[in-house]
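First the structure, in the form of structure tokens, and then the observations on it.
No value in this document is a laboratory result; all are computed from the given coordinates. On a predicted model such as this, the values are computed, not experimentally measured, just so you know. A quick note on method: Cβ atoms are made from the backbone with ideal geometry, for glycine too, and the neighbour counts reach across all protein chains shown.
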Amino acid sequence: MSGRLLPVRRTGRSAQAGIVGMTGRQDDEDADALLRIALAAASEAGRLLASWRGDERPEVVETKSSPTDVVTEMDRRSEALITSRIRAHRPGDAVLGEEGGQTAGDPAGSEGDGAKPGRVRWIVDPLDGTVNYLYGLFDWAVSIAAEVDGTVVAGVVEVPRHGETFTAVAGQGSWLHRGEARVALHCTSGVRLGQALVGTGFGYDSGRRRVQGEVMAALLPYVRDIRRGGSAAVDLCSVAAGRLDAFFERGLNYWDFAAGGLIAREAGAAVGGLDGKTESTSMAVAAGPGLYQQLDTFLTKLNPERDAQRSQERDG
Ligand code: IPD
Ligand code: CA
Ligand code: CA
């Protein structure tokens, strides 16, 4: 069965209105309400990022794990905007942002709206695909997820240059919004590894990349082809939309996959790590159910997480 995009269905109401209130739950941690906040913040941040159309590249203000792991002023401005919008609605919630790290909510600030501090945490990648953004390529995104008691319940990936917004609420499926239209997402199913279009990405550390290159060289002869899109959040949404059959990456950060992982899972994909583990900063894999097993078996044999052992040996 093909899991490609369903025909675009006109809803006659705003895409945002179309995803609100489907559970009917009204508690302080209502996933629909959290999604609404994430959606508004991601959309505003996406507009801010897209407003830069200069002839020159945005300035690199810092490098992180390696000279190629860059932060631009726009990454920071986007995260500041998102955090302020979240705090305006829910001052008591914690926020984990790529640029600002983890900040606790203000316990006093939550009294006004009755929100209970401590249960909700927001996971924010203000600009996923910074290198694409720097080079004027289109695959970059704003990614926001909301956790309740440590579980992601709502996620948004906003992809401004494609005019697309991907959303999911746990247990309610995932959706692609394009203007006023929205379509339910379904990953592909029944695809054999040899026919699979597989997305992946590479870390910024050269030692890790060497191992990732070895894994690529071993996998490439056994799949339809490989794609390296440049934004893990977009890649996971591409699995959800059937634009990729599978995705895996070693060494992502939580903010890279928190929202996209929920979107892929809600579209029917299996999301996890290798050999029965859950997805993590060590390894994240997403694929249709049968394909996941084949990819898992193939990758496990290659031991793609072995660069950790190598650096442990190196560091003594
Ligand atoms: C990166 C992107 C890329 C992935 C890297 C991530 P950033 O995030 O998601 O596709 O391969 O591992 O670090 O740095 O652009 O936010
Ligand atoms: Ca990222
Ligand atoms: Ca980022």
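Points to keep in mind about this one:
- Sorted from greatest to least, the principal axis extents spanned by the alpha carbons of region 193-314 come out as 41, 31, 26 Å.
- Peptides 147-153, 233-239 ranked from most to least packed give 233-239, 147-153, packing being the mean of other C-beta atoms within 10 angstrom over each peptide's residues.
- Region 193-314: relative contact order as a whole-number percent, Cα under 8 Å and 6+ apart: 26 percent
- Extension gain (nm, one decimal) between Val60 and Arg228, 0.36 nm per residue minus Cα-Cα: 58.2 nm
- Most to least packed among 248-260, 214-226 [average Cβ atoms within 10 Å]: 248-260, 214-226
- Centre-to-centre separation between the Cα atoms of region 233-291 and those of region 84-106: 25 Å.
- Proxy reagent accessibility, fewest Cβ within 10 Å first, across Val157, Val71: Val71, Val157
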